[in-house]
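Q: Before I ask anything, let me first share the structure, which is written out below as structure tokens.
The values are calculated or read from the model by the stated rules, or taken from the named source; none is laboratory data. Predicted model, so just to flag it, every value in this text is computed and none were measured. As a convention, Cβ positions derive from the backbone with ideal geometry for all residues, glycine included, and neighbour counts pool all protein chains shown.
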Amino acid sequence: MEFDFSPVWLLALPIAFGLGWLAARVDIRHLVRESRALPRSYLAGLNFLVSEQPDRAIDAFIEAVRIDPQAVELHFALGSLFRRRGELDRAIRMHQNLVDRDDLPTEQRAQALSELGLDFLKAGLLDRAEAMFVKLRSTPLSEFALKQLLEIYQQEKDWKKAIEVAYALPNADSALMLREIANFHCELAAGAVARGALDEAETETTRALEINRQCVRANVLLGDVLLGRGDVESALLTWQRIENQNPVYLALVAERLMDGYTRLQRQDQGVQLLHSYLERYPSLDLLDAVFQWELERDGPQAAYALVREELRRNPTVLGLDKLLEAALITASGEQRQDIEMVKGLIHGHTRKVARYRCEECGFKARQFYWRCPACGGWETYPPRRTEEFDLTP
């Protein structure tokens with residue numbers, strides 16, 4: 001390949017070099033002017049940060065913001081950094097300084113309020129966080145503020161305010177939000193039941209079912225209301241509707257069903273109903289309920305036969321533990337000692353698989369929750385043991 005070194009190229013090379021040199025000089029001068037324009041307190045703040053003196057750095061940056069409003073973004077960044085590090089007092093101090101300024105533009109003031117609200121929320125100062133987010137409801141950050149207020153009211157168990165805020169959200173008519181709102185009404189109903197206010201509880205459960213027809217919890221509570229009024233038949237029918245909503249939750253009302261049938265002196269019908277549920281919807285909690293009634297009504301041999309048959313259909317370690325419990329009742333001598341030894345070995349493993357698990361975040365606990373304590377999801381925590389997730393319904 002040959003290069004043509006014509007006079008044009010010979011002239012172009014020095015010109016290109018000169019333009020590049022000139023551009024570099026302009027960039028350098030621009031950087032120098034910018035660095036000289038920065039407040040000295042800004043540079044001092046950086047020096048304090050490098051020297052691991054965060055308190056003095058904050059003071060320097062506050063001064064930098066006062067002198068140069070353009071440093072506001074730095075203020076936001078540092079405040080968020082302190083919050084992530086758990087240094088909430090410093091984050092609050094930085095964001096409060098911005099909120100207190102009279103010359104802050106509207107958009108940046110809203111951002112400062114939201115950041116300060118998050119600081120208070122993480123610090124557990126819910127009333128102060130609420131005050132910040134309430135101020136943002138009429139700003140472009142309204143949706144963000146409503147979501148934070150919804151979380152605050154759930155933590156405070158202020159369900160009426162939670163309902164009001166939930167309906168104000170843009171996605172209030174979504175299936176997920178309607179499920180949450182129905183549970184808020186159920187929380188109000190549960191409180192009313194505890195106080196003996198059955199009429200109020202019925203109103204709230206009815207409202208929950210109007211919002212979400214698949215709300216199992218509403219029927220659980222409505223059955224409790226009807227039973228409290230002495231209408232046992234209606235209570236039993238209400239609890240049995242759960243089969244059409246979500247049969248996984250039948251285990252939650254197994255004891256209630258047997259209590260109702262016992263009051264009507266129809267225990268055999270109740271046990272037969274639970275047997276049919278267990279056959280169609282295998283559940284370790286349901287098995288435990290049927291086992292206890294079978295043991296009380298027909299004795300250990302019948303209870304043992306029940307568990308053995310269920311274990312054949314759905315082999316689980318928890319089922320095996322229940323089988324050994326039934327066998328232990330009638331065993332004696334060396335046989336009893338052997339069963340106790342095996343049961344002891346099995347029990348160590350069942351402690352790990354006898355927990356409930358959230359379907360959203362995987363959080364596990366021995367207790368059932370309507371709302372997951374970890375991710376806050378409603379009805380994401382079905383009454384199924386960890387070992388059951390691999391079973392076919």
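Q: Answer yes or no as to whether R256 is at pLDDT below 80, within 23 Å of R355 (Cα to Cα) and either in contact with a Gly (Cβ under 8 Å, 6 or more places away or on another chain) or not hydroxyl-bearing (S, T, Y) (or both).
A: Spelling it out, it is not the case that R256 is at pLDDT below 80, within 23 Å of R355 (Cα to Cα) and either in contact with a Gly (Cβ under 8 Å, 6 or more places away or on another chain) or not hydroxyl-bearing (S, T, Y) (or both).
Q: List the number of the failed condition for P393; all other conditions in (1) in a loop (DSSP other than H, G, I, E, B); (2) modelled with pLDDT of 70 or more; (3) of a type outside the set (K, R); (4) under 24 Å from Q292 (Cβ atoms) hold.
A: Every condition holds for P393 apart from (2).
Q: Sticking with this one: Only one residue in A60, A112 is modelled with pLDDT under 90, assigned to a helix (DSSP H, G or I) and in contact with a Ser or Thr (Cβ under 9 Å, 6 or more places away or on another chain). Which one? Reasoning before the result, please.
A: On the way: A112 fails: in contact with a Ser or Thr (Cβ under 9 Å, 6 or more places away or on another chain).
Unique residue meeting the criteria: A60.
Q: Checking A194 against (1) modelled with pLDDT of 95 or more; (2) farther than 29 Å from L141 by Cα; (3) of a type outside the set (S, T, Y), only one condition comes out false. Which one?
A: Against the list (1) modelled with pLDDT of 95 or more; (2) farther than 29 Å from L141 by Cα; (3) of a type outside the set (S, T, Y), A194 comes up short only on (1).
Q: Examine the stretch 162-170 for a residue that is surrounded by 20 or more Cβ atoms within 10 Å (Cβ to Cβ), β-branched (V, I, T) and under 15 Å from R371 (Cα atoms), and state whether such a residue exists.
A: no
Q: Further, regarding this structure: Every residue in the stretch 267-286 that is under 26 Å from A218 (Cβ atoms), surrounded by 15 or more Cβ atoms within 10 Å (Cβ to Cβ) and without any contact (Cβ under 8 Å) to a residue 60 or more places away in the chain, please.
A: Taking the stretch 267-286 as the starting set, the residues that turn out to be under 26 Å from A218 (Cβ atoms) are 269-270, 273-274, 276-278, 280-286.
If we keep only those that are surrounded by 15 or more Cβ atoms within 10 Å (Cβ to Cβ) as well, we get 270, 273-274, 277-278, 281-286.
Result: G270, L273, L274, Y277, L278, L286.
Q: Kindly indicate whether any position in the stretch 329-339 is at pLDDT 70 or above, crowded, with 21+ Cβ neighbours inside 10 Å, assigned to a helix (DSSP H, G or I) and out of contact with any Cys (no Cβ under 8 Å at 6 or more places or on another chain).
A: The answer is no; no qualifying residue exists.
Q: Which of the residues that make up the stretch 119-146 are more than 23 Å from the chain's Cα centre (by Cα) and buried (at least 21 other Cβ atoms within 10 Å of the Cβ)?
A: The one that is more than 23 Å from the chain's Cα centre (by Cα) and buried (at least 21 other Cβ atoms within 10 Å of the Cβ): L136.
Q: When you check V253 against the structure, is it within 26 Å of R385 (Cα to Cα), over 27 Å from the mean Cα position of the chain (by Cα) and assigned to a helix (DSSP H, G or I), yes or no?
A: On the way: within 26 Å of R385 (Cα to Cα): yes; over 27 Å from the mean Cα position of the chain (by Cα): no; assigned to a helix (DSSP H, G or I): yes.
For V253, the condition - within 26 Å of R385 (Cα to Cα), over 27 Å from the mean Cα position of the chain (by Cα) and assigned to a helix (DSSP H, G or I) - is not met.
Q: I would also like to ask the following. Report, by residue number, each residue of the stretch 209-230 that is acidic (D, E) and surrounded by 15 or more Cβ atoms within 10 Å (Cβ to Cβ). So that I can check it myself, show each step before the final result.
A: First pass over the stretch 209-230, keeping only residues acidic (D, E): 210, 224.
The one that is acidic (D, E) and surrounded by 15 or more Cβ atoms within 10 Å (Cβ to Cβ): D224.
Q: Hey, L126 hits all of (1) among the aliphatic types (A, V, I, L, M); (2) in contact with a helix residue (DSSP H, G or I) (Cβ under 6 Å, 6 or more places away or on another chain); (3) over 30 Å from R101 (Cβ atoms) but one; which does it fall short on?
A: With respect to (1) among the aliphatic types (A, V, I, L, M); (2) in contact with a helix residue (DSSP H, G or I) (Cβ under 6 Å, 6 or more places away or on another chain); (3) over 30 Å from R101 (Cβ atoms), L126 is out only on (3).
Residue-by-condition table, conditions (1) within 25 Å of R90 (Cβ to Cβ); (2) part of a helix (DSSP H, G or I); (3) in contact with a Gly (Cβ under 6 Å, 6 or more places away or on another chain):
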residue: D119; (1), (2), (3): yes, yes, no
residue: D127; (1), (2), (3): yes, yes, no
residue: E130; (1), (2), (3): yes, yes, no
residue: V134; (1), (2), (3): yes, yes, no
residue: T139; (1), (2), (3): no, no, no
residue: E143; (1), (2), (3): no, yes, no
residue: L146; (1), (2), (3): no, yes, no
residue: Q154; (1), (2), (3): no, yes, no
residue: K160; (1), (2), (3): no, yes, no
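Q: So L149 ticks every box in (1) surrounded by 16 or more Cβ atoms within 10 Å (Cβ to Cβ); (2) over 24 Å from L178 (Cα atoms) but one. Which box is left unticked?
A: Going through the list (1) surrounded by 16 or more Cβ atoms within 10 Å (Cβ to Cβ); (2) over 24 Å from L178 (Cα atoms), L149 breaks only (2).
Q: Select from the stretch 70-92 the residues that are in a helix (DSSP H, G or I) and of a type in the set (D, E) and list them in ascending order. Step through it out loud before you land on a result.
A: Our first condition is that a residue be in a helix (DSSP H, G or I); within the stretch 70-92, this holds for 70-84, 88-92.
Answer for the stretch 70-92, where residues must be in a helix (DSSP H, G or I) and of a type in the set (D, E): E73, D89.
Residue-by-condition table, conditions (1) at pLDDT 85 or above; (2) closer than 22 Å to T330 by Cβ; (3) of a type in the set (D, E, K, R):
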position: V271; (1), (2), (3): yes, yes, no
position: L274; (1), (2), (3): yes, no, no
position: R280; (1), (2), (3): yes, no, yes
position: L284; (1), (2), (3): no, no, no
position: A289; (1), (2), (3): no, yes, no
position: R297; (1), (2), (3): no, yes, yes
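Q: If we keep just the residues of the stretch 358-384 that are in contact with a Ser or Thr (Cβ under 8 Å, 6 or more places away or on another chain) and over 24 Å from F184 (Cβ atoms), which is modelled with the highest pLDDT?
A: The selected residue is K364.
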